[in-house]
Ligand code: TRP
């Protein structure tokens, strides 16, 4: 029996090169070895204010990128989180079994509470990890491919599952985070100490998957680099390290092969070559994405069949949980 995999991306902004290298490309390479569930987590996105039209557009846009990147509906179930009501229903039940203290310790919540203030951020931000636990546990997933920043949420999911199983008997598979080594952390070009993020304030730091070639080149040429001039991986020089990291992830070269490749070349050469490489990588992705967006009826049809398949599995788990808890 193949292990089950689940992951998802929030439609809270345009997909970035970081999403492609850290998530999509990795999922595609895993596809043949697992039973795959990949969703677009719109209910997570609304924990922060979203424009409704934009949200709807972005959800489809991301679905088109899933397919354009090579996720294949014959091998992966691709769906929109909110289409499967069982996520929310399981989320509620898990809420009732999760101590506040566990959620108060989540670093993502603490960061957001520190930035936004407890009077302004929603209960949804606080409760976010429980819905994520429901996303994972409802499919009885074994593996959760995510970035390092999500490791704590997967740990919490395990704790919730273990607690439930202890109290009600074997119900949930205990999942594990599956953190990749390369490309797991593509940093902002403008501030290489921060993750390249969809929702970042500085658009120059982020390459989105829809950026046209000239814009990609401009952003990379203007990327913040450090003092020094030699192209090598060096934690004290996060700017050049990030550019080399992107390079090695895209080419598949190891770090030392990448350094050898650029030996004797300065930052300018790295940037020029990296820009060519990123543009070449995005070209087919954008072409395929267009093809899917041009036929929204077909895209919606794919998403509908993904929902049907996901619902069948999710309902089974929900029913079992409801019976055990006594609400059915
Ligand atoms: N919290 C994840 C992120 O921001 C997104 C997410 C929601 C997710 N539900 C999930 C990832 C379930 C994996 C599995 O990246």
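Computed quantities for the displayed model
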{"quantity": "Set 251, 208: member being crowded, with 16+ Cβ neighbours inside 10 Å and in contact (Cβ under 8 Å) with a residue 24 or more places away in the chain", "calculated": "208"}
{"quantity": "Which listed residue is more than 30 Å from residue 160 (Cα to Cα), assigned to a helix (DSSP H, G or I) and not assigned by TED's automatic domain parsing to the domain that holds residue 85, from 300, 269", "calculated": "269"}
{"quantity": "Among residues of segment 16-43, those that are within 12 Å of the ligand (Cβ to nearest atom), more than 13 Å from residue 76 (Cα to Cα) and in contact with a helix residue (DSSP H, G or I) (Cβ under 6 Å, 6 or more places away or on another chain), counted", "calculated": "4"}
{"quantity": "Qualifying residue in segment 159-168 (condition: in contact with a strand residue (DSSP E or B) (Cβ under 8 Å, 6 or more places away or on another chain), within 14 Å of the ligand (Cβ to nearest atom) and either at negative phi or assigned to a loop (DSSP other than H, G, I, E, B) (or both))", "calculated": "no"}
{"quantity": "Given (1) at pLDDT 95 or above; (2) surrounded by 13 or more Cβ atoms within 10 Å (Cβ to Cβ); (3) part of a helix (DSSP H, G or I), number of the condition residue 223 does not satisfy", "calculated": "(3)"}
{"quantity": "Search result, residues across segment 278-293 that are under 12 Å from residue 17 (Cα atoms) and over 20 Å from the mean Cα position of the chain (by Cα)", "calculated": "279"}
{"quantity": "Whichever residue in segment 78-109 is under 22 Å from the mean Cα position of the chain (by Cα) and away from the ligand (no atom under 13 Å from the Cβ) and, among such residues, is surrounded by the most Cβ atoms within 10 Å (Cβ to Cβ)", "calculated": "78"}
{"quantity": "Verdict on residue 229 being over 26 Å from residue 212 (Cα atoms) and not assigned by TED's automatic domain parsing to the domain that holds residue 29", "calculated": "yes"}
{"quantity": "Some residue of segment 171-188 being at positive phi, away from the ligand (no atom under 12 Å from the Cβ), over 17 Å from the mean Cα position of the chain (by Cα) and not in a helix (DSSP H, G or I)", "calculated": "no"}
{"quantity": "Residue check for residue 137: more than 11 Å from the ligand (Cβ to nearest atom), touching a helix residue (DSSP H, G or I) at 6+ places or on another chain (Cβ under 8 Å) and in the same structural domain as residue 32 (by TED's automatic domain parsing)", "calculated": "no"}
{"quantity": "Failed criterion for residue 53 (all others in (1) in contact with a helix residue (DSSP H, G or I) (Cβ under 8 Å, 6 or more places away or on another chain); (2) over 24 Å from residue 248 (Cα atoms) hold)", "calculated": "(1)"}
{"quantity": "Answer from 146, 154 - the residue that is in contact with a helix residue (DSSP H, G or I) (Cβ under 8 Å, 6 or more places away or on another chain), in the same structural domain as residue 86 (by TED's automatic domain parsing), within 10 Å of the ligand (Cβ to nearest atom) and in contact (Cβ under 8 Å) with a residue 60 or more places away in the chain", "calculated": "146"}
{"quantity": "Sole residue being more than 21 Å from residue 177 (Cα to Cα), out of contact with any helix residue (DSSP H, G or I) (no Cβ under 7 Å at 6 or more places or on another chain) and at pLDDT below 95, chosen from 117, 101", "calculated": "117"}
{"quantity": "Qualifying residue in segment 110-130 (condition: in contact (Cβ under 8 Å) with a residue 40 or more places away in the chain, buried (at least 20 other Cβ atoms within 10 Å of the Cβ), under 18 Å from the mean Cα position of the chain (by Cα) and within 11 Å of the ligand (Cβ to nearest atom))", "calculated": "yes"}
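The values are calculated or read from the model by the stated rules, or taken from the named source; none is laboratory data. This one's a predicted model, so the numbers in the text were calculated from it and none came from an experiment. Neighbour counts run over all protein chains shown; Cβ positions are idealised from the backbone, glycine included.
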